[in-house]
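Reading through the structure tokens given below for one structure.
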Amino acid sequence: MAQRVCRLVELSDPGTRELEIDEWRSVFVVRKGDRVFAYENSCPHTGVALNWMPDRFLDREAAFIQCDTHGARFRIDDGA
């Protein structure tokens, strides 16, 4: 099922946007250049949401996705 989140030009580069799937799950998209990546909003270590504020998923340098709870960082390109 595809769902439009926003137009590419509406996202900063890099930038993120969260989308609620239902009351228990959300996903987010990350723009990096002309590419957009989508991830479930859940830390694989703790199971908590990654963001510290709405639509805020990146570290200070906007180079990695960062878990607000314990600081783990994940590559934007593949989530590793």
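Report the residue, chosen from Asp59, Asp13, Asp22, that carries the largest GNM mean-square fluctuation when the chain is represented by alpha-carbon nodes joined by springs under 10 Å.
Of Asp59, Asp13, Asp22, the Gaussian network model singles out Asp22 as fluctuating most.
Compute a Gaussian network model of the chain, connecting alpha carbons closer than 10 Å, and tell me which residue from Glu18, Glu40, Glu61 fluctuates the most.
The residue with the greatest mean-square fluctuation here is Glu61.
Can you give the extra length, in nm with one decimal, that the chain gains between Asp13 and Val48 once fully stretched, where that is 0.36 nm per residue apart less the Cα-Cα distance?
Value of the extension gain: 10.1 nm.
Which residues' amide hydrogens lie under 5 Å from the amide hydrogen of Asp55, considering only partners 5 or more residues apart or on another chain, with H built in the peptide plane?
Hits under the 5 Å cutoff: Glu18.
I'd like the chymotrypsin sites (Phe, Trp or Tyr not before Pro) in segment 1-58 restricted to DSSP loop residues with at most 10 other Cβ atoms within 10 Å, sorted by number.
Answer in residue order: Trp24.
On full extension of the chain, what length is gained from Asp59 through Glu20, given 0.36 nm per residue of separation minus the C-alpha to C-alpha distance?
11.9 nm
Counting only protein heavy atoms and a 1.4 Å probe, tell me what percentage of segment 1-71's accessible area is made up of carbon and sulfur.
Looking at segment 1-71 in its full context, I get 48 percent from C and S.
Probe of 1.4 angstrom, ligands and nucleic acids ignored: what's the accessible area per residue over the chain, in square angstrom?
Per residue, the chain has an accessible area of 70 Å².
From the backbone phi of segment 64-69, what are the Karplus-calculated ³J(HN,Hα) couplings (6.51 cos²θ - 1.76 cosθ + 1.60, θ = phi - 60°) in whole Hz, Gly and Pro given as x?
9, 6, 10, 6, 5, 5
The values are calculated or read from the model by the stated rules, or taken from the named source; none is laboratory data. All figures in this text were calculated on a predicted structure; none of them were measured in a lab. As a convention, Cβ positions derive from the backbone with ideal geometry for all residues, glycine included, and neighbour counts pool all protein chains shown. Surface areas here come from the heavy atoms of the whole protein model, side chains and all, with no ligands, DNA or RNA. Shrake-Rupley method; radii C 1.70, N 1.55, O 1.52, S 1.80 Å.
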